[in-house]
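To start, the structure itself, in structure tokens.
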Amino acid sequence: MAQLLVNGITAGVGLAAIALGFAMVLQWRRVPNFAHGAAVGVGAYVSYSLAVYGVPYFVTLPAAALVGILFGLITEFCAIRLGVFMTHGVLVTTLAIAVIARAALAAIYGENGVIFPPKLVPSGHLELFGAVLPRIQAQAFILSAVTILLVWVALAKTARGRRYALLGSNPIAAEICGMDRTRMGTEIVAIAGGLAALAGAIAAPVGLLTPGSGGDALVNAFVITILAQSRMDLPRIIIASLVVGIGEAFVSLRLNADFQQALVYAGVIVAVLFTQRPNYGRA
Amino acid sequence: MVGRERLAPLWSLGLVAVALGAPFAIESSYWQGVMAAIAIWSIAAVSLAQAVNWMMRLSLMTPALMGLGAYAAAIAQVEHGWSFLPAAGIAALAAMVCAALVGLVAFRSSHWGFSIITFAANLILVNLSISLDDITHGPGGYAGIPPVQLFGRSLESGRSLYFLALAILAIQLCALWAWRRSVAGRSARIVGEDPQLAQALGIPCYSLQVCVFAALAAPVGIAGALYGSFRGVVSPELLGFTRIVDILAMVMIGGTKLLFGPILGAIAVTSLPEWLRFLGPSRDGVFGLVLILIVVLAAPRWRWRVSTLMGARS
């Protein structure tokens, strides 16, 4: 049980850090950013590239976040603003940005993937309440938790954060209050890109990096955001992430690992049924 | 508007002429194969587009239904020695049953919930196609699927398979055209547009939507059977996330209002990577740029692009 909880919570907090940016853009910018997973992948590869050239790992994190902000700005100007006038246009343009980013990563680093230099990855493991936790996962957990805490402080305790929330809940009121919707929307996408890249850089040393790993991140972010009822509500996102993380750990440890994803997504279907309001009753 | 309606038969005739004549104008067997793939993907894209148009809900499990049909037909042909037609029937049935089961659950949820449930169902089927080694032959895929045999003739060439897929597509379009004009079709439209109004009119919303969703899955299953016979192998890759992206792009580019819109999307999405093959590994990146360009040019009020980019009309 302790092992299950430790695995689930560490995975869940990492997933929450990834999902935050997606939920932010969906709720406040009001578009589904399907390039979000690509930003996660870009951040991971930036961290890897700098680490390979001897830059300390903790310095690669802000660098990855800066590149992520730049990626967010590219997404805003080249995908979201160009796609908003066509039904589902943003869906296609953000997916196109994801395809371009994936192709660029594959061209630079190859399709087979890379792993972090072993000397930069903390070895050994910790014992927590009888459960074993590899040091590298503990590091990722702490960094993800700190990121989430900083985001919470920035959003809940600053005027800027409250303005973003107002823009998301009532854009007309925000405009009447003199807020520049366009500029704030751009800022939101840029911040989300930075957060995604930071989450990618935090997760990068844990396993194999491939150009397609951003796709998995997008799937997880999508599922968590839906479970959180598409709201940029930090507690909801954290709970949804923990549900997914613990669900994955449960299936992996207690049931057949081959069917891990299938059973987790079956659980997601059940959860969605109970969280999403039907459009009509039984006819 | 009247002028447009008068021109519609001319447009349709022109498209039919191009569709029938193109394989004879193109000699390359490679490009004939690409045309067959376009026709097969068109069948799936048209079904998805109509599901979006009628039910106002975005299903994200079309590749899974196609893959399920492909596996069902492959098993029927290879292990039980069935010919293509009954195998395609089994493929359609498998896709319909799967869509009905998922629909029974998904239509109890909201629009977002519907998308995520169908997405999760797609992921479940991907996982099962990898994990159920005994049935699906695992990640390597189910190989050795024979080419289509019809009335004693083997349709091995891309051209013959293209015409078969085109015939199925034509039947599908005719059926959809007739359905749109039927009472049941109009009822389905009302359910999509305004569920409350539909309920007030006594339309059985839930069961009608499940039935429409299942019926639209049948051609997708047949497209899967065709795809399996065309490639000779079915692998979990057919059900994967990339395919979801591809088929969504087909529908978004072609639109959902016109019956033949998704066909144009299928032509763009299937043939563009082939045109860009000379670019090598950077082909996907250029494909992404072209997708953005298509959206920019296809979007209404495109003349506002520059001001939009500058933030004036965001």
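Could you list A:147, A:182, B:62 so that the one with the fewest beta carbons within 10 Å of its beta carbon is first and the one with the most is last?
A:182, A:147, B:62
Across region B:140-157, in residue order, what do the Karplus-derived ³J(HN,Hα) couplings come to in whole Hz, using 6.51 cos²θ - 1.76 cosθ + 1.60 with θ = phi - 60° and x for Gly and Pro?
Going residue by residue, I get x, x, 8, 9, x, 6, x, x, 5, 10, 10, 6, x, 10, 9, 9, 8, 6 Hz, with x marking Gly and Pro.
Could you tell me the center-to-center distance, by alpha carbons, between region B:59-74 and region A:116-175 in angstrom?
Spelled out, the Cα-based centre of one part sits 38 Å from the other.
Helix-only mean residue ellipticity at 222 nm, chain B, DSSP H runs n ≥ 4 weighted -39,500 (n - 2.57), per residue, nearest 500. What is it?
Value at 222 nm, helices only: -25000 deg cm²/dmol.
Mean Kyte-Doolittle of at least 1.6 and a Cα length of 18 Å or more along the axis: which whole DSSP H helices of chain A meet both?
Those that pass (Cα extent of 18 Å or more, hydropathy at least 1.6) are A:2-24, A:57-75, A:89-109, A:135-156, A:260-275.
Specify whether the C-alpha gyration tensor of chain A places it in the rounded, prolate or oblate class, a ≥ b ≥ c being the square roots of the eigenvalues: rounded for a/c under 1.5, otherwise prolate if a/b is larger than b/c and oblate if not.
It comes out oblate by the Cα gyration axes.
List the residue ranges in chain B for DSSP H helices whose C-alpha atoms run 27 angstrom or more along the long axis and whose Kyte-Doolittle average is 1.6 or above.
On the way: long enough: B:2-25 (35 Å, 1.03); B:29-55 (39 Å, 1.07); B:84-106 (32 Å, 2.32); B:111-131 (30 Å, 1.34); B:158-181 (34 Å, 1.03); B:205-231 (39 Å, 1.29).
Helices passing the filter in chain B: B:84-106.
Ranked from highest to lowest mean number of other Cβ atoms within 10 Å per residue, what is the order of the peptides A:206-219, A:148-161?
A:206-219, A:148-161
Taking a quarter of the surface of the convex hull around the Cα atoms of the protein assembly as shown, what do you get in nm²? Intermediate values should be presented prior to the final figure.
Values: hull surface 116.8 nm².
Computing the convex hull of the Cα atoms and averaging its projections yields 29.2 nm².
Per-residue mean of other chain beta-carbon atoms within 10 angstrom of the beta-carbon, peptide B:252-262?
Counting Cβ atoms of other protein chains within 10 Å of each residue's Cβ and averaging gives 2.
Tell me, B:30, B:142, A:45 in order of fewest to most beta-carbon neighbours within 10 Å? List each step's numbers first, then the result.
Values: B:30 11, B:142 23, A:45 27.
Lowest count first: B:30, B:142, A:45.
For residue B:179, what charge total do you get from the other residues with a beta carbon under 13 Å from its beta carbon, if Lys and Arg give +1 and Asp and Glu give -1?
That sum, taken over residues with Cβ under 13 Å, equals +4.
Can you give me the Cα centroid spacing of region B:122-164 and region A:187-224 in angstrom?
Taking the Cα centre of region A:187-224 as reference, the centre of region B:122-164 is 34 Å away.
Which net charge results when you count Lys and Arg as +1 and Asp and Glu as -1 among the other residues whose beta-carbon is under 13 Å from that of residue A:69?
Numbers: positive: none; negative: A:76, A:187.
Local net charge: -2.
How far is the Cα center of region B:179-198 from the Cα center of region A:23-44, in Å?
The two parts, judged by their Cα centres, are 35 Å apart.
Residue B:114: net charge of surrounding residues, Cβ under 11 Å, Lys/Arg +1, Asp/Glu -1, itself excluded?
+2
Under 1.5 on a/c is rounded, so check that first for chain B, then, if it is not, pick prolate when a/b is larger than b/c and oblate when it is not; a ≥ b ≥ c are the square roots of the alpha carbon gyration tensor eigenvalues. Working shown, then result.
On the way: a/c = 1.37, a/b = 1.12, b/c = 1.23.
Judged from the Cα gyration tensor, chain B comes out rounded (a/c under 1.5).
Over all residues in B:130-143, what is the mean tally of Cβ atoms on other chains that come within 10 Å of each residue's Cβ? Working shown, then result.
Numbers: counts 4, 7, 3, 1, 0, 0, 0, 0, 0, 0, 0, 0, 0, 0.
So the per-residue partner count for this stretch is 1.
In which sequence would A:115, A:176 go, from the one with the fewest C-beta neighbours within 10 Å to the one with the most?
A:176, A:115
From zero outward in steps of 10 Å, how is the percent of C-alpha pairs of region B:1-122 spread across the bins?
Per 10 Å bin, starting at zero, the Cα-Cα P(r) for region B:1-122 comes out as 12, 28, 29, 25, 7, 0 percent.
Read-outs: derived from the displayed coordinates by stated rules, not from any lab. None of the values given here were measured: they were computed from a predicted structure. Note that each Cβ is placed from the backbone with ideal geometry, even for glycine, and that neighbours are counted across all protein chains shown.
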